[in-house]
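These notes concern the structure reproduced below.
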Amino acid sequence: MEITQTRLLVSDFPAVYRFYRDVLGLTPQFEAETGPYAKFSPDTGNAAVALQDRAQMAGVLEQLRAQPQGHRALVVLRVDDLEATHAELTARGAEFTRGPAPMGERMRVAYLADPEGNLIEFQEWLVPRGQTGDARA
């Protein structure tokens with residue numbers, strides 16, 4: 001089994017699409033601003049984030065007709081320089097709900113939400129795995 005992507009169900013597809021493309025700077029697999037599907041990949045790594053129009057999927061799974069409440073997903077993106085990423089995304093219009101701050105001794109994180117409320121965590125690893133002497137690393 002292989003995880004190929006995290007797919008977010010969205011109601012305002014164009015707004016969320018533009019956020020991931022224009023604000024976060026992720027590259028779409030193909031231009032599809034009006035949906036009903038788009039896949040975004042970062043410049044490095046194999047993971048991908050995809051968007052799926054909720055109304056289209058409701059035709060397949062009826063329980064998706066009801067609008068979800070609260071936070072529904074947490075997308076995690078690793079970056080090399082959290083301060084630089086925070087500054088760059090803020091300049092593009094991103095409004096962080098929590099700026100760069102430590103999370104334990106191993107990393108620093110910052111958070112923002114996309115136009116539909118899905119949370120995005122940016123992580124900068126301070127100590128790479130396997131370099132702490134901790135057998136659980």
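The values are calculated or read from the model by the stated rules, or taken from the named source; none is laboratory data. Quick caveat, the model's predicted, so the values are computed rather than measured. All Cβ positions, even for glycine, are placed from backbone atoms using ideal geometry, and neighbour counts span all protein chains on display. Just the protein is used for accessible areas: all its heavy atoms, side chains included, with ligands, DNA and RNA removed. Shrake-Rupley method; radii C 1.70, N 1.55, O 1.52, S 1.80 Å.
For a quick check of your reading of the model, give me the residue pairs whose first member lies in the range 52-75 and is within 12 Å of Glu116 (Cα to Cα), whose second is in a helix (DSSP H, G or I) and modelled with pLDDT under 85, with beta-carbon atoms closer than 8 Å and at least 6 apart or on different chains. Pairs that qualify, where the first residue is within 12 Å of Glu116 (Cα to Cα) and the partner is in a helix (DSSP H, G or I) and modelled with pLDDT under 85, are Arg54/Leu64.
Quickly run through the range 49-72 and pick out the residues that are open to solvent by less than 90 Å² (accessible area, probe 1.4 Å) and assigned to a loop (DSSP other than H, G, I, E, B). Selection gives Gly59, Leu61, Ala66, Pro68, Gly70, Arg72. Screening the range 66-122 for residues that are under 15 Å from the mean Cα position of the chain (by Cα) and of a type in the set (Val, Ile, Thr) and picking the one that is nearest to Lys39 (Cα to Cα) gives Val75.
Kindly indicate whether any position in the range 14-30 is in contact with a strand residue (DSSP E or B) (Cβ under 7 Å, 6 or more places away or on another chain) and touching a residue at least 40 places away in the same chain (Cβ under 8 Å).
Taking the range 14-30 and keeping what is in contact with a strand residue (DSSP E or B) (Cβ under 7 Å, 6 or more places away or on another chain), we get 16-17, 20-21, 26-29.
If we keep only those that are touching a residue at least 40 places away in the same chain (Cβ under 8 Å) too, we end up with 16, 20.
Yes: one or more hits.
Of all the criteria given as (1) open to solvent by less than 60 Å² (accessible area, probe 1.4 Å); (2) modelled with pLDDT of 90 or more, the one not satisfied by Gln29 is (1).
Just one of the listed residues (Val16, Val75) is among the hydrophobic types (A, V, I, L, M, F, W, C), surrounded by 11 or more Cβ atoms within 10 Å (Cβ to Cβ) and assigned to a helix (DSSP H, G or I), and it is Val16.
A count restricted to the range 78-107 and to residues that are surrounded by fewer than 13 Cβ atoms within 10 Å (Cβ to Cβ), farther than 18 Å from Val23 by Cβ and of a type outside the set (A, V, I, L, M) stands at 4.
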